[in-house]
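Written out below as structure tokens is the structure these notes cover.
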Amino acid sequence: MVDPWPLKVSPVATEAERTMKIKYPCRHIPLSIAAGGLLLFAILAKAQTPDPAIAALNAKASALDAEDYRFVQPVCTRCHTPEMFLHSRSWSGWQGIFNQMSGYGAAATEEQWDHIHKYFQRSLTFIDVNHADEDELSAILGVDEKTAIAIVQRRTDRRFQTAADLESVPGVDKNRVEQIAPRLLFDPPAEDQ
Amino acid sequence: MRTRKALMTTASLAITACLAAPGSAQNTAQRAPAAASGVILPYQSPPRHLIYIATPGDEGADDQSGVIVLDADHDYRFVKRIPYGLAASELPGPKISGMTSSIPANKIYVTTDGGSMIAFDLKTDKIAWTFKGEKAPVKLQRRGSAADGCCERPYTLPGGKTLLVASAYNAWWYLIDAETGKQLGRIDTPETPRSHNLAVTADGKLAILATLSGPKEGTAGVAVVDLPNKQVLRYIHFSDAVRPITINHDGSLVYANVNNLDGFEIGDTKTGQMIKRVELPGEMWKAKWADPNHQHFGHGLPSHGIGMTPDESEIWVTDSANDAWQIWDNPGDGRNPVYNPAKTVPIQPGIGSSWISMTNDGKTAFVGDGSIIDVRAHRVIATMKDEYGRPIHAVEKVLAMTFRDGKLVETTNQFAIGDAKAVEARPERERNRQASNQN
């Protein structure tokens, strides 16, 4: 009986070996499948196992806005952890980042982009209180159009100086202002001056 | 043998990986919801919003020249000045009569009282071509402007490949290839002989072509033109010479400033009738207008400048008697505007503000005295300034343009006119606003 899986191949193949090569040109396929399967299993098993550090980052990111983060996570953590974006930027800065990530292959549906925008605007965007337009004020301060217009009207008469100053506009939610106080800019950043 | 070893190694690695502690791979413990259905879209590069201001404008004395570019994303700070290529001895150059742009050609077009239209390539800021028009059999001249040829107000037709341009106060209009500057055709409007202002519907089917003449000269005010067939459908007569105009989204109504009126008149383009005269309350302007010693009236009339928000909810009219933009609410079918003094926007006194442009989203207005206005707040939020920080007071006119990767992707026209999409969205906006007011 010819051993179909000879451990040694003589420099000069026997007739039987030549026959095997013709009959089973890819005789290592079963082993390849087995190894590949194990590798896939390993990856899946590992994927199912939460990394405490990354899970903590996801929890932190989700705590900012759990509903919208459900749309952020599949798009924005596919290649890196939330640590990469858990800090604040200007809205134009975030748009530049989204564009850069898009160049690396990030893609989303229109609905996902809407939620991603909302998540970043509400939770991770600086706002220049004395220059932002009504839509940006509404999105970040969480105020209605009427209040946003009142903010614009007030600042054309007298610029806002402090968070307390902003809170004095009827319709502005004090709790929200306190929550986002570190992200309120009352003078434009140096590069915008 | 080597193959076998490699396979064994792979298998070992796989087993090791199974047993290893979680490492660098992305955590998916918190399972995200199934991706929303729909087409997967890459993120678009961030847009750059620039304001192109053509100078010198009418009645200007601030010695500006060229197209001044400001950055709308950064507090309207100065970006650059695009020169007309004039010798120093020719500066600041002839008054500009208008400006338009083309997305497919990636160009802007500036018309001058010097008898030409100049195209600038937006990639290089260099002059791409100059169009001079043709000699007129009978020369008409107005305050030092070109006696014949080209050009008064330009307009880019839908699609961006053709320009419709008024001749220099003569009884015809040019159709020009936006890419090459070659003349494609001509529209004659004999009953409105001094071509000046215009507006075109978004579908390109209807053009409203206005003359700088009126009943005193025995002419109509505007020609309603079937643009694809280059045929005048009808003329509309107004009470006096027609000045700036605006139209609603389908071109069924034209709102026109006329001489000797602080306000405007409304014409129905389907019937050819002037259907309403809308005046600012008489006590606000008539005595001032009758007073020969009264202050400056820009362009020689109380109201030279009219536009509407894209959703047509407001009509903005300049008021030289009171140094302000007056605003009429425009409910229903747009035939019965209601003056709303609570929305008046005061502007710089004594300068005059002779026209208005708006961004496509209707948030921002640019007016002739160099003021930049927040439309919803009805407040001046900035003043156009040059590279030396000097206010720009005499401009003619402004385009708010959006660029991505250096390419023009969105533009406005120099007239604030109605927009079908904004009109469609208006009921929902008004419901939201009412709900907001009730809270």
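Computed from the coordinates by the stated procedures, all read-outs in this text should not be read as laboratory data. Since the structure is predicted, the reported quantities are computational estimates derived from the model, not experimental observations. Reconstructed Cβ throughout: ideal geometry from the backbone, glycine too, with neighbour counts over all protein chains shown.
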Restraint check, B:270/B:363; A:146/B:343; B:107/B:363; B:216/B:270; B:288/B:343, Cα-Cα greater than 20 Å: B:270/B:363; B:107/B:363; B:216/B:270; B:288/B:343
What are the semi-axes of the equivalent ellipsoid for the range A:52-192, taken as the square roots of 5 times the Cα gyration tensor eigenvalues, largest first, in whole Å? 29, 15, 14
Inter-chain shielding metric for A:79-92, i.e. average beta-carbon neighbours from other chains within 10 angstrom, reads 1
Measure out, as a whole number of angstrom, how far apart the alpha-carbon centroids of the range A:54-112 and the range B:321-360 sit. 43
To the nearest 20 Debye, how big is the dipole of chain B about its Cα centre, given +1 on the beta carbon of each Lys and Arg and -1 on that of each Asp and Glu? 1700
According to the Kirkwood expression over distinct Cα-Cα pairs, how big is the hydrodynamic radius of the range B:284-344, in Å? 12.4
Rounded to whole Å and sorted largest first, list the principal axis extents of the Cα atoms in the range B:314-439. 46, 43, 30
Helix-only estimate, please: 222 nm mean residue ellipticity of chain B, summing -39500 (n - 2.57) across DSSP H runs of length 4 or more and dividing by its residues, to the nearest 500. -3000 deg cm²/dmol
Quarter of the Cα convex hull surface for the range B:267-313, i.e. its orientation-mean projected area (nm²): 5.1
Specify the inter-centroid distance of the range B:171-248 and the range B:406-424, based on alpha-carbon positions, in whole Å. 21
Here the whole-number average of other chain Cβ atoms within 10 Å per Cβ of B:425-434 is 1
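Order these peptides, B:65-71, B:335-341, by their mean beta-carbon neighbour count within 10 angstrom, highest first. Display every interim value, and only then the final one.
Working: B:65-71: 20.4, B:335-341: 15.0.
My ranking of the peptides, most packed first, is B:65-71, B:335-341.
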Pick from B:132, B:107, B:123: which residue has the top mean-square fluctuation in a GNM of chain B where Cα pairs under 10 Å get a spring? B:123
At a Förster radius of 51 Å, what calculated FRET efficiency corresponds to the Cβ-Cβ distance of residue A:114 and residue B:184, to the nearest 0.05? 0.75
Over all viewing directions the Cα convex hull of the range A:115-160 casts an average projected area in nm² of 3.0
Suppose the chain between residue B:87 and residue B:276 were pulled fully straight at 0.36 nm per residue; how much longer would it get relative to their current alpha carbon spacing? 63.2 nm
Looking only at B:384, B:401, B:284, which one moves most when chain B is put into a Gaussian network model with springs between Cα atoms under 10 Å? B:284
Taking the beta-carbon count within 10 Å as an exposure proxy, list B:356, B:392 from fewest neighbours to most. B:392, B:356
Chain B: relative contact order from alpha carbon pairs under 8 Å, six or more residues apart, as a whole percent, is 13
Histogram of C-alpha separations across chain B, 20 Å bin width, %: 24, 53, 12, 7, 3, 0
Inter-chain shielding metric for A:104-112, i.e. average beta-carbon neighbours from other chains within 10 angstrom, reads 4
Per principal axis, largest first, the Cα atoms of the range B:357-415 extend in Å by 30, 29, 18
